[in-house]
Amino acid sequence: MKNTIKKIIFILIILCFLCFLVTCKSTEKQYNVLYQVSTINALMYGLYDGVISFGQLKAKGNFGIGTSHALNGEMILLDGIAYRIEADGKVYNIDDSEKTPFAIVTEFKSQKTIDINSLFNLDKMQNFLNTLFISKNYFYAIRIDGIFKQVKVRSVPAQSKPYPALSKVVKKQSVFTSGNVSGTLVGFWFPAYISGVNVPGYHFHFISNDRKFGGHVLELETGQVKINIGVIRHFKMLLPENNEFLNIDLTPNMDREIRSVERGR
Ligand code: ZN
């Protein structure tokens, strides 16, 4: 009799565990899972050595942004293809064997789609996006396709060792502007509590449909665009294992410097 009760309890525990696994899987299926390489503060301090290959990164998602080894340009991953916009303003395909020191990617799933046909500058567009979020405590992946009246982007040149801090590199950024351009914004929004790990607020990269123009977005004006928003409820992060990362002090708060780097001023 005792043995039968033990068996029943054992089977119940196994069933509960299986239910838990199925629940985890179903929320991963419904929501976006963010995969991040390194931290924004590590990048701010000049940790530009590649951590994993783009082949490995693309196994974690088909949509994202970041940079490539030695801080060579701005990276955008769209529909499973990784592009690099270099400091010469040209767009290059990134080989799977190349490495990234910092990237965020997800297998993009949209929970909300909205068509707009208004003239929004970057600030106004971001204010509008704020109204679409179900909570300020989740992360969001944002895809915006369409026609843009104007897009102003920047890129940064590849660095050599000893690597300078990101705030110094950005002072030598190249800035490019395009008008009436069709393309896609790939971006993310993070709450303030992500500070140190990623960029609080919005971070967008752009690529044109003809794959000839793009970069880290500084300013824009929207035309007729389609907004897709993916809610992120899962977060996986890979930290580098090189000596620089093992020994760097990532304690200081760098929010002010990050804001100035992101705005390119
Ligand atoms: Zn960027």
Item to complete: Just give me the residues in the range 198-218 being within 14 Å of the chain's Cα centre (by Cα) and open to solvent by 40 Å² or more (accessible area, probe 1.4 Å), in sequence order.
Response: Pro200
Practice prompt. Take the range 119-149 and flag every residue that is open to solvent by less than 60 Å² (accessible area, probe 1.4 Å) and free of Cβ contacts under 8 Å to residues at least 12 places away in the same chain.
Written response: Asn130, Ser135
Discussion item. Looking only at the range 99-136, how many residues end up being over 29 Å from Gln56 (Cα atoms) and not in a helix (DSSP H, G or I)?
Written reply: 15
Practice prompt. Please enumerate the residues belonging to the range 187-230 that are outside any strand (DSSP E or B) and within 16 Å of the ligand (Cβ to nearest atom).
Written response: Ile194, Val197, Val199, Pro200, Phe213
Worksheet item: Which of the residues belonging to the range 78-98 are of a type in the set (D, E, K, R), assigned to a strand (DSSP E or B) and closer than 30 Å to Ile134 by Cα?
Response: none
Fill in: Residue in the range 175-186 that is open to solvent by less than 10 Å² (accessible area, probe 1.4 Å) and free of Cβ contacts under 8 Å to residues at least 60 places away in the same chain present
yes
Worksheet, complete the sentence: Of the candidates Ile85, Ile94, Ile116, the one satisfying the condition of being away from the ligand (no atom under 16 Å from the Cβ), over 20 Å from Leu34 (Cα atoms) and open to solvent by less than 30 Å² (accessible area, probe 1.4 Å) is Ile116
Worksheet item: Taking Gly64, is it at pLDDT 95 or above and open to solvent by less than 10 Å² (accessible area, probe 1.4 Å)?
Response: yes
Item to complete: Considering every residue within the range 41-61, establish whether at least one is within 14 Å of the ligand (Cβ to nearest atom) and within 29 Å of Gln111 (Cα to Cα).
Response: no
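The values are calculated or read from the model by the stated rules, or taken from the named source; none is laboratory data. What you see is a predicted model, and the numbers here were worked out from it, not measured in a lab. Positions of Cβ are backbone-derived with ideal geometry, glycine not excepted, and every protein chain shown enters the neighbour counts. Surface accessibility is based on the protein's heavy atoms, side chains included, excluding ligands, DNA and RNA. Shrake-Rupley method; radii C 1.70, N 1.55, O 1.52, S 1.80 Å.
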